[in-house]
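Quick one: the structure is below, questions incoming.
The values are calculated or read from the model by the stated rules, or taken from the named source; none is laboratory data. Computed from a prediction, not measured in an experiment: that's the story for all the values here. Quick reminder, even Gly has a Cβ in these numbers, built from the backbone with ideal geometry, and neighbours come from all protein chains shown. Surface accessibility is based on the protein's heavy atoms, side chains included, excluding ligands, DNA and RNA. Shrake-Rupley method; radii C 1.70, N 1.55, O 1.52, S 1.80 Å.
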Amino acid sequence: MCAIAGCFQREGHPLNPALLNTISESLQHRGPDGQGFLAWSPGCPAAIANTTQRLPPSPLSLMHRRLSILDLSESGSQPMMTPDGRYSVVFNGEIYNYLELRTELKALGHVFRSYSDTEVLLTAYVAWGAAALTRFVGMFAFAILDTQARSLFLGRDCFGIKPLYYTLNTHHFAFASEIPALLTLPSVGRQINSQAVYHYLHSSHTDHSAATLFADIHQLLPAHYLHISLDEPIVLKPQRYWKMSVQPQSTLSFDEAAQQLREHFLKTVRLHLRSDVPVGAALSGGIDSSAIVMAMRHLQGDALVLHSFSYVASSSALSEERWIDQVGHAAGATLHKVKPELHELANDLNALITAQGEPFRSTSIYAQYRVFQLAKDIGIKVMLDGQGADELLGGYRPYLGARLASLLMQGRYGQALQFIRRTVAALPDVSEAFLLSRAGGLLLPEKLQDFTRWLVGQQRFLPWLNADWIHQNHLHPLPLRLTQQSSVLQEQLHRATTQVSVPQLLRYEDRNSMAHSIESRVPFLTPELAEFVLSLPESYLIGPAGTSKRVFRAAMRGIVPDAVLDRQDKIGFATPEYDWLVDHKDWFWAVLNSDRACDIPIWNLKAIHREFKAIAQGRQTFDYRVWRWVNFILWAECFDVTF
């Protein structure tokens, strides 16, 4: 787990060593255990050094910051070069099946000099080229220099667990693990991407496309690679190498599916436990994180020294502490808890915004940030977390509406009526109106999108956004529905996993963990596990009475305590945002009245002030828009954003 960066001067001029040092220092938190640089010029062999002072002047440089997890020796250092000097790699991530691939490559005649997964990745690329990407089980973002073909190859994992950003202009092509590193380049502007900004302010959507909120900076999308010739004008044509299947295909019985899901899950957790340093786990008390913690104990027995780390909400309505304690006791884990307050958030906010690089949806991100900070204080360098499970297994309440929409699309009206009645009876926080509005929002045709958006509160023109700005830039929200398939739930889960939800959650996860030099692993997000889950009938995911994750609950019987598996409530990393707003409204008001807030031309600040007062006084329903306003102002100030 590390940070990578690289830059190629298009005019052939040598890079400024001071600039390389600045980029490296900006990524130091991702790799505090070492650094390395590579320089290459056409016609000259590549040179590797651990300081820029030892590098020859060159138009291309690669940079690496190391967080040592596998093969802690110097032989695992990067940049890493093949023995013949042709290929060099900088790599961020882990290849969990590196031992199996190493055995396969040795059988093909390849010789290894280290025990690192980095050398396995590099050798696999030498052996199989871009086809190696589909063989990797892991999380990765890497760049490989081929001095003979005079090219760069950049690849990113199937779900985008590890980040990879790039910028291209008349001066250079550059890439890095984080946006702030690219902003250190003098030629990279800070102008907003209007469509990306609109998506965030309108409905909290980020990370769903190659665009970032900065016009000059893009990301390589998950499951894509770039092949760049260094001898020709650079044309970026990302290529997709993997696409997750959507259509249900499995004919397994429910019990057979539960048994196979259990085997898939234990297999992926076992792989994610490979490490040469201690591994801990985030524990929210929900089904997903509890399954990971209990699986860790199930697989490794008493030999495992198990530490879990939890956020505990100060509000009793949001606290999951009793579930955390129950799972921790059952797993024999050493429990560590943190209970952040708003004044702590205010103190840490600049560091959090800098770490994230782009705005984020809610203060629940801060709860996660503090969990990783706590793990660092205890001395844990690797953590397992449950990201992706809710999206794959239908864990959120809105997916109930998608399940109802599927039944209606398939003409199963009697089952749909029974689903409504049984779900409302079983889940006190779910109403008929909620189910019908969510289903209706997914079923109405595209020509009625405006009405559909009104049903779910996502109108194109919000009163606090500048309508002229929306018109002039031809801005539109993301479509609510991409196709008209009859399996609406499956479609929505696929969309959430690949576009709408998981990519932004993984950005939060990566930046919050790496801000504290911790490698966070997400066992639910492997192609094999994801494709298996999405091949199952929808009724296996959401039961006839609205029971979420139905097949996974069955799969975990005997491993996770029954009381946890039988939970019907849904909380997650929820912070008491409304209480914080009411108790500290003067702080929020000060941000909304700051000079920076007044300088932002894309919204109607008077309308924002009016809505904020109504929300703070309880005259209008509280939602995440307040945080979007505040976060956007502070982000614009932190990064000196231009409009």
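Considering (1) in contact with an Asp or Glu (Cβ under 9 Å, 6 or more places away or on another chain); (2) assigned to a loop (DSSP other than H, G, I, E, B), say which one ALA196 fails and leave the rest.
(2)
I'm trying to understand the selection: among the residues of the range 340-388, which are charged (D, E, K, R), in contact with an Asp or Glu (Cβ under 9 Å, 6 or more places away or on another chain) and either open to solvent by less than 10 Å² (accessible area, probe 1.4 Å) or closer than 23 Å to VAL582 by Cα (or both)?
GLU358, ARG370, listed by residue number.
Among the numbered criteria (1) open to solvent by less than 20 Å² (accessible area, probe 1.4 Å); (2) under 19 Å from the mean Cα position of the chain (by Cα), which single criterion is violated by ALA405?
ALA405 satisfies all of (1) open to solvent by less than 20 Å² (accessible area, probe 1.4 Å); (2) under 19 Å from the mean Cα position of the chain (by Cα) except (2).
Right, another one. Output the residues belonging to the range 107-116 that are open to solvent by 10 Å² or more (accessible area, probe 1.4 Å) and either touching a Leu at 6+ places or on another chain (Cβ under 9 Å) or not in a loop (DSSP other than H, G, I, E, B) (or both).
ALA107, PHE112, TYR115
Among what's in the range 408-422 and is without any contact (Cβ under 8 Å) to a residue 60 or more places away in the chain and part of a loop (DSSP other than H, G, I, E, B), pick the residue that is surrounded by the most Cβ atoms within 10 Å (Cβ to Cβ).
Among those residues, the one meeting the criterion is ARG412.
So which residues in the range 225-253 are not polar (S, T, N, Q) and not in a loop (DSSP other than H, G, I, E, B), if there are any at all?
TYR225, LEU226, HIS227, ILE228, ARG240
Has the range 610-633 got at least one residue that is in contact (Cβ under 8 Å) with a residue 60 or more places away in the chain, acidic (Asp, Glu) and over 16 Å from LEU201 (Cβ atoms)?
No, because not a single residue in the range 610-633 is in contact (Cβ under 8 Å) with a residue 60 or more places away in the chain, acidic (Asp, Glu) and over 16 Å from LEU201 (Cβ atoms).
What is the number of the single condition among (1) under 27 Å from MET383 (Cβ atoms); (2) open to solvent by 10 Å² or more (accessible area, probe 1.4 Å); (3) in contact (Cβ under 8 Å) with a residue 24 or more places away in the chain; (4) charged (D, E, K, R) that ASP583 does not meet?
Against the list (1) under 27 Å from MET383 (Cβ atoms); (2) open to solvent by 10 Å² or more (accessible area, probe 1.4 Å); (3) in contact (Cβ under 8 Å) with a residue 24 or more places away in the chain; (4) charged (D, E, K, R), ASP583 comes up short only on (1).
Now a separate question. What is the one condition in (1) out of contact with any strand residue (DSSP E or B) (no Cβ under 7 Å at 6 or more places or on another chain); (2) among the charged types (D, E, K, R); (3) surrounded by 15 or more Cβ atoms within 10 Å (Cβ to Cβ) that GLU94 does not satisfy?
Failed condition: (1).
Okay, next question. Show the residue pairs that are 6+ apart or on different chains and have beta-carbon atoms under 9 Å apart, the first residue being within the range 314-342 and polar (S, T, N, Q) and at pLDDT 95 or above, the second being part of a loop (DSSP other than H, G, I, E, B) and surrounded by fewer than 14 Cβ atoms within 10 Å (Cβ to Cβ).
Taking only residues 6 or more apart or on different chains, the pairs are THR334/VAL305.
In a helix (DSSP H, G or I) and among the charged types (D, E, K, R): which single residue out of GLU94, GLU104 fits that description?
Residue meeting the stated conditions: GLU104.
If you scan the range 67-90, which residues turn out to be in a loop (DSSP other than H, G, I, E, B), without any contact (Cβ under 8 Å) to a residue 40 or more places away in the chain and either buried (at least 22 other Cβ atoms within 10 Å of the Cβ) or in contact with a strand residue (DSSP E or B) (Cβ under 9 Å, 6 or more places away or on another chain) (or both)?
none
Test of understanding: among ARG322, ARG297, which residue is out of contact with any strand residue (DSSP E or B) (no Cβ under 7 Å at 6 or more places or on another chain), loosely packed, with under 14 Cβ neighbours inside 10 Å and in a helix (DSSP H, G or I)?
The unique qualifying residue is ARG322.
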